[in-house]
1. I'd like the full set of residues that are under 22 Å from the mean Cα position of the chain (by Cα), more than 28 Å from residue A:80 (Cβ to Cβ) and assigned to a helix (DSSP H, G or I), limited to the range A:117-154.
2. In the range A:351-373, how many are more than 14 Å from every other protein chain (Cβ to nearest Cβ) and within 27 Å of the chain's Cα centre (by Cα)?
3. Considering only the range A:186-217, state which residues are more than 12 Å from chain B (Cβ to nearest Cβ), in a helix (DSSP H, G or I) and either free of Cβ contacts under 8 Å to residues at least 12 places away in the same chain or in contact with a helix residue (DSSP H, G or I) (Cβ under 6 Å, 6 or more places away or on another chain) (or both).
4. Residue A:260 - would you say it is closer than 30 Å to residue A:425 by Cβ and either surrounded by 24 or more Cβ atoms within 10 Å (Cβ to Cβ) or in contact (Cβ under 8 Å) with a residue 60 or more places away in the chain (or both)?
5. Kindly evaluate residue A:249 against the criterion of being surrounded by fewer than 20 Cβ atoms within 10 Å (Cβ to Cβ) and either out of contact with any strand residue (DSSP E or B) (no Cβ under 9 Å at 6 or more places or on another chain) or in contact (Cβ under 8 Å) with a residue 24 or more places away in the chain (or both).
6. Taking the stated definitions as given, is residue A:314 farther than 22 Å from residue A:421 by Cα and not in a helix (DSSP H, G or I)?
7. Evaluate the range B:45-60: report whether one residue or more is under 26 Å from residue A:192 (Cβ atoms), modelled with pLDDT of 95 or more and part of a loop (DSSP other than H, G, I, E, B).
8. Within the range B:1-17, take every residue that is assigned to a loop (DSSP other than H, G, I, E, B) and away from chain A (no Cβ under 13 Å) and give me the one that is nearest to residue B:49 (Cα to Cα).
């Protein structure tokens, strides 16, 4: 690879580049209902810059630019995007997969991108394909995201004449682990959308055994902006260790729950203000979704939405989920229902996940019902240790993280339930969104920016 | 020094909790309460390597792997 070529190419920001300090970026002029048309998209962001490599031996300038921008994956794991691009750029006939198969019930951002801004993520997929020398882009969208499937399908059709790559849509069965990389590869190879044993990793041997780049929909949307406006522009927002903006799904007792674009490092208070303020006091906030961690309500006033800051509370933004739990809810009953749902989402492939998550969920249910015998927290700790790092994917570890965090954050409530059984709030309708009951109200929340 | 050692790795999807491995290589493999192997991932000393290989060969689902592990350069 020649660095030489790459350094030449840090393009000066386009003449029409937007002010780097201003938001929204991704959500600029986002329509509230209909998807943004190709013409409208090009009017907002300009033509797609072309990133042809100067032959196989030279690295694409875009990869260097993405590296300088410091872009990290937005699907939850936060892996450096440039490293991922490089890993397949050397492979033979790589394939690019846009991962919009959002299985996290508390996240709506990838669904929003698919529904309303399909061209932005398709741009990112096309640019990534050019950068790694791929001729094929596959867009994975959850089959339950009907509007997203329609919109992406129409957008692919709309740009078919002008696209430098072949694009196709694949609808993925809805499931919490279906969006996991090896599960997507499994699905695209004709198998079930369930994780497989790795290595080989998708970048080594993925779709049709070819090197496969799988990037989250938002990651590629961000990449499409970096390609147009440059890495310096990208870094004008965010923190040095986490540059740029991010899409965040805010839900819970706020006036306008939905998808917001924030600057990394913005305060939680400013996000809540943008959502019209709280409608009830928050007992705690769940950061990062159902594989994430709780932060006590008393700490929320000083919370800053960057991973560096959240790490001091044992949390991270993950795929950009911020979920407030109201003071009126019962955190034990809520944890019990989420833990059961997560146990049910096990692919039932790995023994420790299948048995361990069920046992963990049962223990939390027993605590919530006041029927638990013996030392319940010891039991949870023992089961957690039996489950952790023993699955083929990260699902068991994520579920353990959530349960342990709930037990710690809501220690008083857990102790009270274990001793005295259900509280008055246990009978309230659950607040935390789960697909079985929230498909209706999770639909059509309008994205807003601030 | 690029000295290669060996480690055990389990394919948790293939594993069906037959338990042969723990029987044949109790030095490094125990079973959890559901019968699935709990594996010590530390390098296997040369004197134990034949036990590890026997355990891997005995697995009916080929879920246990003895892998060469390059020591960090």
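1. The initial filter retains those residues of the range A:117-154 that are under 22 Å from the mean Cα position of the chain (by Cα), namely A:117-129, A:137-153.
Those left that are additionally more than 28 Å from residue A:80 (Cβ to Cβ): A:143-144, A:146-147, A:149-151, A:153.
Answer for the range A:117-154, where residues must be under 22 Å from the mean Cα position of the chain (by Cα), more than 28 Å from residue A:80 (Cβ to Cβ) and assigned to a helix (DSSP H, G or I): A:146, A:147, A:149, A:150, A:151, A:153.
2. Total meeting the criteria: 2.
3. A:188, A:207, A:209, A:217
4. The answer is yes for residue A:260.
5. Against the criterion (surrounded by fewer than 20 Cβ atoms within 10 Å (Cβ to Cβ) and either out of contact with any strand residue (DSSP E or B) (no Cβ under 9 Å at 6 or more places or on another chain) or in contact (Cβ under 8 Å) with a residue 24 or more places away in the chain (or both)), residue A:249 does not qualify.
6. Yes: the conditions hold for residue A:314.
7. Going through the range B:45-60, the residues under 26 Å from residue A:192 (Cβ atoms) turn out to be B:59-60.
Checking which are modelled with pLDDT of 95 or more leaves us with B:59-60.
Restricting the remaining residues to those that are part of a loop (DSSP other than H, G, I, E, B) gives B:59-60.
Looking through the range B:45-60, at least one residue is under 26 Å from residue A:192 (Cβ atoms), modelled with pLDDT of 95 or more and part of a loop (DSSP other than H, G, I, E, B).
8. B:3
The values are calculated or read from the model by the stated rules, or taken from the named source; none is laboratory data. This is a predicted model, so every value here is computed, not measured. As a convention, Cβ positions derive from the backbone with ideal geometry for all residues, glycine included, and neighbour counts pool all protein chains shown.
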